[in-house]
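Asker: Take this structure, written in structure tokens, and hold onto it; I'll ask about it next.
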Amino acid sequence: MSQGAEKLSYLDTVDNKGNTIPSKKAEYLRQVLKNEYGIATEEELEQELKLLQQRWLSLAI
């Protein structure tokens with residue numbers, strides 16, 4: 001990652017009292033994942049990541 005580049009997170013921010021603070025960056029990333037890839041939940045994202053890891057490992061063999 002280049003200097004000054006910000007890491008996008010799928011998650012909103014949670015303060016020290018446990019309150020969720022909506023994140024515009026997280027909302028943007030969720031919208032892109034949903035609109036471009038059909039990934040609407042964290043569970044779907046985790047499943048897709050597992051599939052991609054399996055594909056990557058199969059290419060390395």
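Each reported figure results from applying straightforward, stated rules to the coordinates on display, with no laboratory input. Quick caveat: nothing in here was measured; it's all calculated off a predicted structure. Cβ sites come from the backbone with ideal geometry, for glycine too, and all protein chains shown count toward neighbours.
Asker: Calculated from DSSP H runs of 4 or more alone, at -39500 (n - 2.57) each and per residue, what is the 222 nm mean residue ellipticity of the chain, nearest 500?
Answerer: -18000 deg cm²/dmol
Asker: Which of K25, K50, K17 ends up with the largest GNM mean-square fluctuation for the chain, with Cα atoms connected below 10 Å?
Answerer: Result for the chain, Cα springs under 10 Å: K17 fluctuates most.
Asker: To check my understanding: the extent here is largest minus smallest coordinate of the Cα atoms along each principal axis. What are those three numbers for the chain, in Å, largest first?
Answerer: So the three principal-axis extents are 46, 30, 24 Å.
Asker: Oh, and also: Could you give the size of the charge dipole of the chain about its Cα centre, using +1 on the Cβ of each K and R and -1 on the Cβ of each D and E, expressed in debye and rounded to the nearest 20? Numbers along the way, then the final one.
Answerer: Working: 8 positive and 10 negative charges, 31 e Å.
With only Lys, Arg, Asp and Glu charged at Cβ, the dipole is about 140 debye.
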